[in-house]
Amino acid sequence: MPQNDAITPLTDSPGPDRNRPDAPGAEGSREPLVVRLDEPVASNTALVGAKAANLAVAARAGLPVIPGFVITTAATGRPGGPEPTRGDAIYERWHELSDDGRRPLAVRSSSVAEDSAESSMAGQYLSVLHVTGWDAFVEAVGKVVASAAGVGPVEAPIAVLVQPMAQARVGGVMFGLDPLTGSRSRMLVSMTDGLPEAIVSGQVTGTSLLLTRRGRLKSVDGTVPAAVHARQRGQLARLARRTARVFGAPQDMEWLIEPDGTLRLLQSRPITAAVPVAHGRVFGPGPVAETFPEPLSHLELDLWVPPLEDGLREALRLSGATGRGHLRRRFVIDVEGRVAVDLEALGVIRPRRRWWMPLDPRPGLRRLRAAWRLGRLRGAFPAIVGDLVEEVDADLRAVPDPATLTDHQLHLLLANARTTLRGVHAHEVLAGFFLDARATATTGAAVALAAVSRAREDGMTDAEIVSRHPESLALVPPAIGSPGALPPTPAYVRLPTGEGDDPVAVAREAVRLRARWLHELTAQAAMELGRRLARHGQLHHPADVRHLTLDRLRELTISHDLAATVAAQAPAARATALPAAFRLSADGRIVAAQRSAGATQGVSPGRARGLVTHDPSDAAGRVLVVDTLDPALAGALPGLAGLVSVTGSPLSHLAILAREYGIPAVIGVADAATTFADGDEVIVDGSAGEVERVEDGDTGDGDIGDGGAGNGAGKAVDAEIGG
């Protein structure tokens, strides 16, 4: 946080070295035992603690701080504590401030360890209010000093801040930014009648206001106290802005409004509990979560993500949907191996509107041009894809067994497969632009499900099924190493007829399946290189090749240098699931994006009521709640009452299968995996895109369980990517 000279003392080290002869509290120290808040020395954190130092800085900057004094760490650090006595400096300040005990005081802690940018230590120390009389004051000081014992890993020096008790019509806490989103264009205010202690201590919930930087009311939760009108909201917003300027960043403030309308600042400290601020584009895993439901390794990222991004960029260029200047930016990222795409570029969400957008004709012209291009291309698209599919299939059939290829040929195979994969992804994305989200088509997963079911009836093993029916790979996400097991399948799954399928949707399913086959080919080539490196002693296990980058794999293959042996890789911790929509902060942290009310989307019409489960193997007759629409769930789909997913796309295999089977399904339900527990009863409305928990005694509404009888939820502009 940028600091000016006036603020520097607030970030001083936590406390003085008491072994130095000039340190506060040391023998012979000349540090004052008591200081007024308006004295220059009161900004020394080591002497007066952070709370009092912040108030001293605020008071010097002209902010409305209540006057007071501080019993310094030089006094509290003496053997036996401060021990105020009549006639000493502390007594003189008390006598002056309290009008010889007739005015009640607030005796508050001010530790050098609290109210810092790293930790607020909120509520860890004691404050004593309404202190009247000298004996009560001495007792309150002793209690505050004693409250520092055992707080924190290292006991920090503590000072005691003393101020007159203020009368309050209303008081509360104010954050100079929105702590839930990190946005500095909003500020959050919590308030209640009377002093803010009731809010701070959690005794009352109070009323929460979300204000703009100028104090305009954006939202309210609760009843606004009568003392807070538009003028007072403007005063609060102005106080927040001024405090941020003084301290160099938005602050966490306690405040009150006196009976005569005077606004007072009681405390100011850095905000430590807000999410990081993030700007820029919104990413999300939905369009690719079906293809890559699990985190990818280093080599998997190098082999499969660049072709995906290049294909997306090429589709955007051909369609004209994005300006040329934007084509150079990143459209696909990974966070700890989990892949996410630019949701605005794919049309999943609308870009945030700026004030000047209605005056800019370019987006409208660009959309018109894109519509014209796509309209001309759509009619020819199935034939174009047919030619591409024939070419890819011929190339795949011509590839020899990887075990018979040289190292150089395997690397050449990886490079050529990545180039082909780029073209396949470009056609896949274009197909997504053409399609209505509810277009009818036989999915690759449906064909695979029927093939696997029939093959198992014939007694074939999974390996034999994959060899004889490569379309079965649509049910298994790509991975380098041991192939994943094919999912359980119901018996006697009928083979789809394809009657009434949209030709563009069929084309899209064809290129998606080819993308999956290319993933498998590159995975097999990489594993063959891994086996050879393991035989040379450069890898402990062939599957460890997945932890190499593509460049590192080339180096090891060329050198065969045993000195370059790669250490055995421990299993990586499972990365947490990505939010459905998020931005990245400047330091790379994920900041969940607030999505509109329409972010939850029905992808298969109908209404159903049932008990929640998170276990696909025991989901028959229940509502299955998942993080993403993994193709491996296809086998469980026919028996479900409903399907709810945190992420996903209406064009994913599972969404289309849900429509085929008449299973109500909703995607984009944030925190669904934690919001709905096993055994909760819910109503899934795939037409309206809503999921509602059924409370005890609620009989629900009619027309539950009509499956595909629901009406369509409208057209969604989306582009799904994946094999």
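The values are calculated or read from the model by the stated rules, or taken from the named source; none is laboratory data. Everything numeric in this text was worked out from a predicted model, so none of it was measured. FYI the Cβ positions are ideal-geometry reconstructions off the backbone, even for glycines, and counts take in every protein chain you see.
Suppose the filter is closer than 23 Å to Pro579 by Cβ and at pLDDT 85 or above; does Asp630 pass it? So Asp630 does not fit the description; no. Collect the residues in the stretch 458-496 that are over 37 Å from the mean Cα position of the chain (by Cα), free of Cβ contacts under 8 Å to residues at least 24 places away in the same chain and outside any helix (DSSP H, G or I), keeping them in residue-number order. Listed by number, the residues that qualify are Asp458, Gly459, Met460, Thr461, His469.
Of all residues in the stretch 310-348, those satisfying the criterion of being surrounded by fewer than 19 Cβ atoms within 10 Å (Cβ to Cβ) and part of a helix (DSSP H, G or I) are Glu314, Arg317, Leu318, Arg324, Gly325, His326, Leu327, Arg328.
I'd like the residue in the stretch 288-303 that is at pLDDT 90 or above and within 24 Å of the chain's Cα centre (by Cα) and, out of all such residues, is farthest from Thr549 (Cα to Cα). Reasoning before the result, please.
The first filter runs over the stretch 288-303 and keeps only residues at pLDDT 90 or above, leaving 292, 295-303.
Checking the rest, the ones that are also within 24 Å of the chain's Cα centre (by Cα) come to 292, 295-298, 300-301.
Values: Phe292: 18, Pro295: 15, Leu296: 12, Ser297: 9, His298: 5, Glu300: 8, Leu301: 8 Å.
Ranking the candidates gives Phe292 first.
For the residues Ala526, Ala534, Ala543, the requirement of being buried (at least 21 other Cβ atoms within 10 Å of the Cβ), assigned to a helix (DSSP H, G or I) and modelled with pLDDT of 85 or more singles out Ala526. Just so you know, in the stretch 262-281 the residues that are of a type outside the set (S, T, N, Q) and at pLDDT 90 or above include one that is surrounded by the fewest Cβ atoms within 10 Å (Cβ to Cβ), and it is Leu263.
Listed here are the residues, each with its yes/no results for (1) closer than 20 Å to Gly648 by Cα; (2) modelled with pLDDT of 95 or more; (3) not hydrophobic (A, V, I, L, M, F, W, C).
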| position | (1), (2), (3) |
| --- | --- |
| Leu430 | yes, no, no |
| Gly444 | yes, no, yes |
| Val447 | no, no, no |
| Ser453 | no, no, yes |
| Glu457 | no, no, yes |
| His469 | no, no, yes |
| Pro477 | yes, no, yes |
| Gly484 | no, no, yes |
| Pro488 | no, no, yes |
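For the stretch 70-101, a residue qualifies if it is buried (at least 22 other Cβ atoms within 10 Å of the Cβ) and closer than 16 Å to Glu39 by Cβ, and the qualifying residues are Val70, Ile71, Thr72, Thr73, Ala74, Ala75, Ile90.
Among the residues of the stretch 23-35, is any acidic (Asp, Glu), farther than 28 Å from Gly248 by Cα and either modelled with pLDDT of 95 or more or over 40 Å from the mean Cα position of the chain (by Cα) (or both)? Even if it seems obvious, please write down each step before you answer.
At the first step, the residues of the stretch 23-35 found to be acidic (Asp, Glu) are 27, 31.
Adding the requirement that they be farther than 28 Å from Gly248 by Cα leaves 27, 31.
Still in the list and also either modelled with pLDDT of 95 or more or over 40 Å from the mean Cα position of the chain (by Cα) (or both): 27, 31.
Yes, there is a match, as at least one residue in the stretch 23-35 is acidic (Asp, Glu), farther than 28 Å from Gly248 by Cα and either modelled with pLDDT of 95 or more or over 40 Å from the mean Cα position of the chain (by Cα) (or both).
Scanning the stretch 546-572 for residues that are surrounded by 12 or more Cβ atoms within 10 Å (Cβ to Cβ) and at pLDDT below 80 yields His560, Ala564, Thr565, Val566, Gln569. Which of (1) under 42 Å from the mean Cα position of the chain (by Cα); (2) in a helix (DSSP H, G or I); (3) of a type outside the set (A, V, I, L, M) does His95 not meet, given it meets every other one? Condition (1) is where His95 drops out.
For the stretch 102-126, filtered to residues that are modelled with pLDDT of 85 or more and under 17 Å from Ile199 (Cβ atoms), the residue that is surrounded by the most Cβ atoms within 10 Å (Cβ to Cβ) is Arg108. Checking the stated criteria, Ala450 turns out to be touching a residue at least 24 places away in the same chain (Cβ under 8 Å), surrounded by fewer than 21 Cβ atoms within 10 Å (Cβ to Cβ) and either within 18 Å of Ile656 (Cβ to Cβ) or in contact with a helix residue (DSSP H, G or I) (Cβ under 9 Å, 6 or more places away or on another chain) (or both). Are any of the residues in the stretch 654-670 under 19 Å from the mean Cα position of the chain (by Cα), surrounded by fewer than 24 Cβ atoms within 10 Å (Cβ to Cβ) and of a type in the set (D, E, K, R)? No, every residue in the stretch 654-670 fails to be under 19 Å from the mean Cα position of the chain (by Cα), surrounded by fewer than 24 Cβ atoms within 10 Å (Cβ to Cβ) and of a type in the set (D, E, K, R).
When you go through Ile656, Ile667 one by one, which is the residue that is modelled with pLDDT of 85 or more, within 23 Å of Ala505 (Cβ to Cβ) and either of a type outside the set (Lys, Arg) or in contact with a Lys or Arg (Cβ under 8 Å, 6 or more places away or on another chain) (or both)?
Details: Ile656 fails: modelled with pLDDT of 85 or more.
Going through Ile656, Ile667 in turn, just one is modelled with pLDDT of 85 or more, within 23 Å of Ala505 (Cβ to Cβ) and either of a type outside the set (Lys, Arg) or in contact with a Lys or Arg (Cβ under 8 Å, 6 or more places away or on another chain) (or both): Ile667.
Every residue, every condition in (1) more than 43 Å from the chain's Cα centre (by Cα); (2) over 22 Å from Glu96 (Cα atoms); (3) touching a residue at least 24 places away in the same chain (Cβ under 8 Å), yes or no:
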residue	(1), (2), (3)
Ala46	no, yes, yes
Ala53	no, no, yes
Ala56	no, no, no
Ala61	no, yes, yes
Pro64	no, no, yes
Phe69	yes, no, yes
Thr76	yes, no, yes
Glu83	yes, no, no
